[in-house]
Amino acid sequence: MAVVLGLVKTHWAGTSGGPGITQMAFQSQTDPHTWDASAAQTAVNAVRTFWDGCKSQLPDNISLLVDPTVDVFNIIDAGLVGSYTAATAPTAVVGLDGNAFNMAAGIKLTLKTGSILNRRRVHGGIFIVPAQGGVFDTNGVITSAANTAVTNAANTLKSTMLTANAGLCVWSRPRPATSSHPARDGAASDVTGFAINQHGATLRGRRD
């Protein structure tokens with residue numbers, strides 16, 4: 001497996017408490033694999049398509065802009081090894097719902113993997129917060145319609161990037177040694193599936 005991955009950043013506008021950012025990691029499925037402007041274009045387009053599939057779950061004052069620049073990192077030591085910019089920058093995705101909503105509440109999409117690291121199963125998360133108020137039913141759990149829309153968008157993202165030989169992954173970043181923990185190399189785990197937390201999610205900060 002390749003030792004580099006690309007990070008695609010999405011910038012949130014319209015939130016309170018400062019700007020938000022979502023980062024998605026893509027690990028090459030071939031070795032060697034060359035990240036370049038063309039590969040960056042494929043990745044940022046796929047991420048924008050994911051958000052477009054989620055826009056019905058977003059308030060209409062939320063705007064998401066996928067950064068056209070993909071930074072490429074060494075998985076093991078987190079060193080920056082390259083930066084590539086898509087020739088055509090993605091346009092913003094704007095939420096569709098105009099009803100009342102909770103700025104701190106929304107959807108957590110769990111990224112499942114088959115990896116175990118340091119005796120724990122590796123998983124990641126994508127927070128869609130805030131989400132429009134209608135994603136919760138009268139029992140306070142995520143509706144089946146919202147679950148289906150987000151899961152379908154995630155599966156499309158995963159399959160699109162696998163076709164391009166750069167699978168969605170969870171990056172466990174390297175950690176320096178401390179008094180209580182030994183040093184740890186970074187590792188990337190391929191995403192095998194998705195799950196929605198039915199009770200929703202809240203954010204303590206815009207970078208949760």
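No lab work stands behind these numbers, since they all come straight from the coordinates. None of these values were measured; they are calculated from a predicted model. Cβ atoms come from the backbone with ideal geometry, glycine included; neighbour counts cover every protein chain shown.
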Inset, instruction - Divide the volume of the convex hull of the Cα atoms of the chain by its number of residues and quote the answer in cubic angstrom per residue. - result: 126 Å³
Legend entry - Degrees separating the helix 37-54 axis from the principal Cα axis of the chain, which is the longest one: 30 degrees
Legend entry - Alpha carbon centroid spacing (whole Å) that separates the range 43-100 from the range 123-156: 18 Å
Inset, instruction - Please list, in chain and number order, the residues 5+ apart from Gly82 or on another chain whose amide H is under 5 Å from its amide H, with Hs placed from the backbone. - result: Val72
Inset, instruction - With an 8 Å cut-off on Cα pairs and a minimum separation of 6 or more residues, tell me the relative contact order of the chain in percent. - result: 25 percent
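Counting only other residues whose beta carbon sits under 14 Å from that of Gln57, what net charge do I get with K and R as +1, D and E as -1?
Details: positive: Lys55, Lys108; negative: Asp52, Asp60, Asp97, Asp137.
Here the count lands on -2.
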Legend entry - Dipole magnitude of the range 4-202 about its Cα centre (Cβ charges: Lys, Arg +1; Asp, Glu -1), debye to nearest 20: 560 debye
Inset, instruction - Report, in debye and to the nearest 20, how large the dipole of the range 88-208 comes out about its Cα centre when Lys and Arg carry +1 and Asp and Glu carry -1 on their Cβ. - result: 560 debye
Legend entry - Residue-span extension gain [Val81 to Arg173] - 0.36 nm each, minus C-alpha spacing: 31.6 nm
Inset, instruction - May I ask for the net charge around Val93, where only other residues with Cβ less than 10 Å from the Cβ of Val93 are counted and Lys, Arg are +1 while Asp, Glu are -1? - result: +1
